[in-house]
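Shown next, in structure tokens, is the structure this report addresses.
Just so it is clear, none of the values below were taken in a lab; they were calculated from the coordinates. Nothing here was measured: the structure is a model prediction, and the numbers come from that model. FYI the Cβ positions are ideal-geometry reconstructions off the backbone, even for glycines, and counts take in every protein chain you see.
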Amino acid sequence: MAALRKIPKHILGQLSNQSSFAPSSSLQFSPSLFISRRGFASKLFVKGLSFYTTEKGLLEAFSQYGQVVEAKVVMDRVSDRSKGFGFVTFASVDEAEKAKMEMDGKALHGRVILVEYAKPRRYDDGGMPIARGYPQKMCAIKVELW
């Protein structure tokens, strides 16, 4: 019941209006909706994946350590090929910890993978700036003392 307190009220209202939770129901949620409320403790970052690793392959490899809620391989938009990393979300923190300990440094589809806890995205202005438009001229301010 504690988990239901964190679900937004407009979603709970929609759920209470449904008479059953049948798969044919018009109201369906993606797993990531509920994951975002759970936090990053059960989400793992997997790097060093083969370019041929699929989401199904990632799911099968990690499902032996617990219930995998979501497995995502990040794809390049242009080449439609894996970028070599992905995310695996487990139903509980204990399962995620077990998978991290067992899979870190192991081979998966011919490549050694590294497994870490996922961190939230940072939206700071640090790092390389993105060039947009023409460069601006630097203006020197001349200060004269009386």
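Assorted remarks:
- Here the gap between Asp76 and Lys106, fully extended at 0.36 nm per residue and compared with their Cα-Cα distance, gives a gain of 8.4 nm.
- If R0 is taken as 22 Å, the Cβ-Cβ distance between Tyr117 and Glu60 corresponds to a FRET efficiency of 0.55.
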